[in-house]
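What follows is a set of notes on a single structure, which appears directly below.
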Amino acid sequence: MNQHAGARPAPVPLSISLRSYAPPDFNNLYAIDQMCYDPRIAYSRTELRQYLGFPGADCVVAETSRNNSAPAMIGFCITAHEDHWGYIITMDVLSDYRRHGCGSMLLLEAEKRLTAAGVRQIGLETATNNSAAIAFWQKHGYRKSGVRRNYYPGGRDAYSMAKRLAGSEKVNTGPA
Ligand SMILES: CC(C)(COP(=O)(O)OP(=O)(O)OC[C@H]1O[C@@H](n2cnc3c(N)ncnc32)[C@H](O)[C@@H]1OP(=O)(O)O)[C@@H](O)C(=O)NCCC(=O)NCCS
């Protein structure tokens, strides 16, 4: 169980809007990814550009604005797909803005777009010690389908997780 579970104050409502990524967002995307992950896992600029250029790649950006200031990016989700298979490459929400529903909004939009592109099953990997992310994915119907040993730099393992989209059949839980 998460150490903060049970004693969490009610979050202050946050106004969040979503839009598609545009190339001028790149530096913000990179900065957010660096803040969201251990430096050994965070993507380099080159990796991030490669993922954004994958076949079927898409990126949804979340913004918020406070006190009439210009919208500020607080998170994003990069996906890719091929035929009926979708993949969540990364999902990042800045720590100050977590538990306000931002990740859920990004995921629902990403799933909507993948569904519209004909995807029936979505997969992802998440570190076996990332309890927040595992809880997040499970809340959204993703189930563990295997463990990938030494998946991350530094030797950390990852769970493969997958979800069948509405109207599809059972998740493939074969060996990862
Ligand atoms: C995982 C992540 C994207 C979630 O974003 P978020 O905006 O906080 O997500 P939401 O507010 O929509 O949370 C939805 C639900 O997920 C679960 N959840 C999210 N964070 C959790 C945590 N720290 N502990 C337990 N459950 C959690 C809860 O069920 C939550 O619903 P609740 O707040 O009503 O209890 C965010 O924590 C993050 O960016 N982490 C760092 C990067 C990362 O690990 N990404 C995923 C890699 S695979």
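The values are calculated or read from the model by the stated rules, or taken from the named source; none is laboratory data. Predicted, not measured: the structure shown is a model, and the values here were computed from it. For neighbour counting, all protein chains shown are included, and Cβ atoms are generated from backbone atoms with ideal geometry for every residue, glycine included.
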For region 33-68: of the residues being more than 16 Å from the ligand (Cβ to nearest atom) and closer than 20 Å to Arg98 by Cα, which is surrounded by the fewest Cβ atoms within 10 Å (Cβ to Cβ)? Asn67
Can you confirm whether region 75-97 contains a residue that is charged (D, E, K, R), in a helix (DSSP H, G or I) and either surrounded by fewer than 17 Cβ atoms within 10 Å (Cβ to Cβ) or over 12 Å from the mean Cα position of the chain (by Cα) (or both)? yes
Picking from Leu165, Leu114, Leu108, Leu94, the residue that is out of contact with any Phe, Trp or Tyr (no Cβ under 8 Å at 6 or more places or on another chain), at pLDDT below 95 and among the aliphatic types (A, V, I, L, M) would be Leu165
All but one of (1) β-branched (Val, Ile, Thr); (2) under 20 Å from Gly123 (Cβ atoms); (3) modelled with pLDDT under 95 hold for Val60; which doesn't? (3)
Quick one: count up the residues across region 125-141 that are within 8 Å of the ligand (Cβ to nearest atom), assigned to a loop (DSSP other than H, G, I, E, B) and surrounded by fewer than 16 Cβ atoms within 10 Å (Cβ to Cβ). 1
Could you please find all residues in region 63-81 being at pLDDT 95 or above and in contact with a Pro (Cβ under 6 Å, 6 or more places away or on another chain)? Glu63
Being closer than 21 Å to Pro23 by Cβ and of a type outside the set (Gly, Ala, Ser) is the requirement here; does Thr126 meet it? no
Restricting to region 92-119, name every residue that is without any contact (Cβ under 8 Å) to a residue 40 or more places away in the chain and within 7 Å of the ligand (Cβ to nearest atom). Arg98, Gly103, Ser104
Which condition breaks for Ile122 when tested against (1) surrounded by 20 or more Cβ atoms within 10 Å (Cβ to Cβ); (2) over 14 Å from the mean Cα position of the chain (by Cα)? (2)
Does Ile74 satisfy being near the ligand (Cβ under 9 Å from one of its atoms), under 14 Å from Ile16 (Cβ atoms) and among the β-branched types (Val, Ile, Thr)? yes
